[in-house]
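Each remark here refers to the structure printed beneath this line.
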Amino acid sequence: MLVNVLDSKKSILNKFISEIRNINIQKDSLRFRRNIERIGEILAYEISQSLYYEKNTVPTPLGTKIMETHKKDIVLCSILRAGLPLHTGLLNYFDDAENAFISAYRKHLNETDFEIKVEYFASPSLEGKTLILADPMLATGQSLVSVFEGLKKHGTPKEIHVACVIGSNEGIEYIQKNLPKETKLWIATVDEKLNNRGYIVPGLGDAGDLAFGGKL
Ligand code: URA
């Protein structure tokens, strides 16, 4: 798997990541969502450099110009609900993409163990398409792999990209073992560890709650 960690090079991205982590700034949920969206836009730009490009003729008021633009075969797939702002950011750039939404949640069996429940699927065909799987927090990697397994019934994509905001080394290793080896991972930043409840440390807390409020 090709792993691209975007903050290995300093850029404006660092400000957006700092703000979503900062306990004082992240309380502003509008700003939190918009920062995740902005990170999604940067991820989209980076991913765009690895896509297939096709020549087409663009008419201008004064003539024509041959331009190369990416093949319009993208399906953006996000995991509800935390994935929604990241999805919006990716879709702001890949505005001609088709879209898939899946629900996945952790069903806690006790204080430390959980299983992933994947329940709702709304997806177009993935056959021969470029699949971009978006998940803001790559913690254990189990939800991402469960969602990918569930998506197999919708066809075989020609390439797979995974777009994440914060990951753990454990999560990266897990998806390296369990997703096709040609998968490309695009991740804004990577933290050292997970706590015993599978949260990324130092991370940012619960991305879904910060974006949309607490739940029962
Ligand atoms: N999901 C989150 O929102 N945060 C984590 O740290 C891990 C999973």
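The values are calculated or read from the model by the stated rules, or taken from the named source; none is laboratory data. Everything quoted here is computed from the prediction, not taken from an experiment. Quick reminder, even Gly has a Cβ in these numbers, built from the backbone with ideal geometry, and neighbours come from all protein chains shown.
Observations on the model:
- Cross-chain or 6+ apart pairs with Cβ under 7 Å, the stretch 22-51 first and within 22 Å of Leu185 (Cα to Cα) and without any contact (Cβ under 8 Å) to a residue 24 or more places away in the chain, then of a type in the set (A, V, I, L, M) and assigned to a helix (DSSP H, G or I): Asn35/Ile20
- Residues of the stretch 1-32 that turn out to be within 25 Å of Ile175 (Cα to Cα), of a type in the set (A, V, I, L, M) and exposed (fewer than 12 other Cβ atoms within 10 Å of the Cβ), as a count: 1
- Search result, residues across the stretch 188-205 that are in a loop (DSSP other than H, G, I, E, B) and without any contact (Cβ under 8 Å) to a residue 40 or more places away in the chain: Glu192, Asn195
- Here Asn110 meets each of (1) outside any strand (DSSP E or B); (2) under 23 Å from Leu91 (Cβ atoms) with one exception, condition (2).
The rows are residues; the columns are (1) small (Gly, Ala, Ser); (2) part of a helix (DSSP H, G or I); (3) buried (at least 21 other Cβ atoms within 10 Å of the Cβ); (4) modelled with pLDDT of 95 or more.
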| residue | (1), (2), (3), (4) |
| --- | --- |
| Asn99 | no, no, no, yes |
| Arg106 | no, no, no, no |
| Glu127 | no, no, no, yes |
| Ile166 | no, no, yes, yes |
| Ile172 | no, yes, no, yes |
| Lys177 | no, yes, no, yes |
| Trp186 | no, no, yes, yes |
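- Residues that are small (Gly, Ala, Ser) and either away from the ligand (no atom under 16 Å from the Cβ) or modelled with pLDDT under 95 (or both) within the stretch 188-200 comprise just one, Gly198.
- Of residues in the stretch 78-97 being of a type outside the set (D, E, K, R) and in a loop (DSSP other than H, G, I, E, B), the one surrounded by the most Cβ atoms within 10 Å (Cβ to Cβ): Gly83
- Of the residues examined, Glu68 is one that is among the acidic types (Asp, Glu) and free of Cβ contacts under 8 Å to residues at least 40 places away in the same chain.
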